[in-house]
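First comes the structure, then the notes that go with it.
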Amino acid sequence: MSKRVHFASTNITYEPGRATPSPSFSYSSLPSSSSPELLTPPPDDEGRQSAVYPRTPYAKQLDLYPEVAASTPSIQNQMQIHFLLAFTPYSEPAIWHDLSLPLTSVETHYPSHAFSEPATSPPMPSLIIFHPLIKYEIEVHPTPPVPGSFVSVRDVLLKLYTELRLAIHESEYRDVPEPERKYVDEAYWRRCSRIRTAVDRLQEEQKGIKRIDLLMGNTRFTGLSGTLRGPDIWELNVAAP
């Protein structure tokens with residue numbers, strides 16, 4: 001008997017969003033790590049430990065769109081990302097985090113104050129995160145949203161978890177190209193199979209395919225990379241756990 005994927009009975013959890021196609025999308029091929037290791041920001045030019053966040057990697061956008069880069073020569077100096085959230089294409093990310101798991105699964109391995117620090121420098125009152133395989137952009141706001149507050153590292157990671165846990169509508173599933181649907185299905189069944197008890201596993205299956213499944217099993221957080229769309233708009237990078 002063949003398995004059939006499920007969908008939520010209602011799309012009440014959906015919120016209007018803007019589609020964000022990205023011609024520069026590619027999966028990260030970073031190797032996996034069996035244990036998390038906290039990395040410190042790189043030293044400055046004189047060998048001193050820098051308190052400033054490392055530069056955001058704009059390489060792929062600048063290479064693809066040199067005419068845009070030429071018109072915005074200072075874009076790389078306008079915004080920096082916290083090193084815990086930075087996409088580092090040529091090295092391991094600063095934290096090992098599976099986006100399908102609650103943030104509590106990783107917080108205990110790192111200093112708690114690090115997650116309360118601003119996600120960007122300078123701090124921002126809100127951020128937008130997108131991934132080419134997910135139709136809706138993710139808007140991140142400070143918690144609690146009080147005047148003068150900024151988006152923290154914890155705000156970003158918590159928002160990613162809660163948004164990726166939302167069920168998708170069947171119409172969104174149909175938008176997935178036919179050759180790729182099997183990978184979405186496999187990610188859905190693999191996620192549900194990790195639940196130990198049969199009752200809980202069945203309940204999770206009945207909740208249907210979720211946004212996290214659209215990443216086709218690539219649930220490992222490898223960082224945020226800046227875009228040429230603005231200092232508050234970031235692209236999510238993922239890899240296989």
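The values are calculated or read from the model by the stated rules, or taken from the named source; none is laboratory data. Just so you know, these numbers come straight off a predicted model, no measurement behind them. Counting neighbours? That spans all protein chains shown, and the Cβs are built from the backbone with ideal geometry, glycine included. The accessibility values were calculated without ligands, DNA or RNA, using every heavy atom of the protein model including side chains. Shrake-Rupley method; radii C 1.70, N 1.55, O 1.52, S 1.80 Å.
Using a Förster distance of 35 angstrom, determine the FRET efficiency expected from the C-beta separation of residue 206 and residue 78, and round it to 0.05.
With R0 = 35 Å, the Cβ-Cβ based efficiency is 0.15.
What is the ratio of the Cα radius of gyration of the range 80-239 to 2.2 N^0.38 Å, with N the residue count, to two decimals?
After normalising by residue count via 2.2 N^0.38 Å, the value is 1.08.
Could you work out Rg/(2.2 N^0.38 Å) for the range 124-178, with Rg from alpha carbons only?
1.36
Can you work out the PRE-style zone for residue 146? Point 7 Å along Cα to Cβ, and I want the residues of the range 103-123 with backbone N under 19 Å.
Within reach of a label on residue 146, which here means backbone N under 19 Å from a point 7 Å along Cα→Cβ, the range 103-123 contributes 113-119, 123.
Between the range 87-105 and the range 136-155, what's the alpha-carbon centroid distance in Å?
Spelled out, the Cα-based centre of one part sits 19 Å from the other.
Arrange the residues 98, 200 by how much accessible surface each exposes, largest first, with a 1.4 angstrom probe.
Listed by decreasing accessible area, they come as 200, 98.
What size of dipole, in debye to the nearest 20, comes out for the range 80-239 about its Cα centre when the only charges are +1 on Lys and Arg C-beta atoms and -1 on Asp and Glu C-beta atoms?
That gives a dipole near 300 debye.
Residue 81's amide H: which non-local residues (gap 5+, or another chain) put their own amide H closer than 5 Å, with H modeled 1.01 Å from N in plane and none for Pro or chain starts?
So residue 81 has HN proximity to 56, 121.
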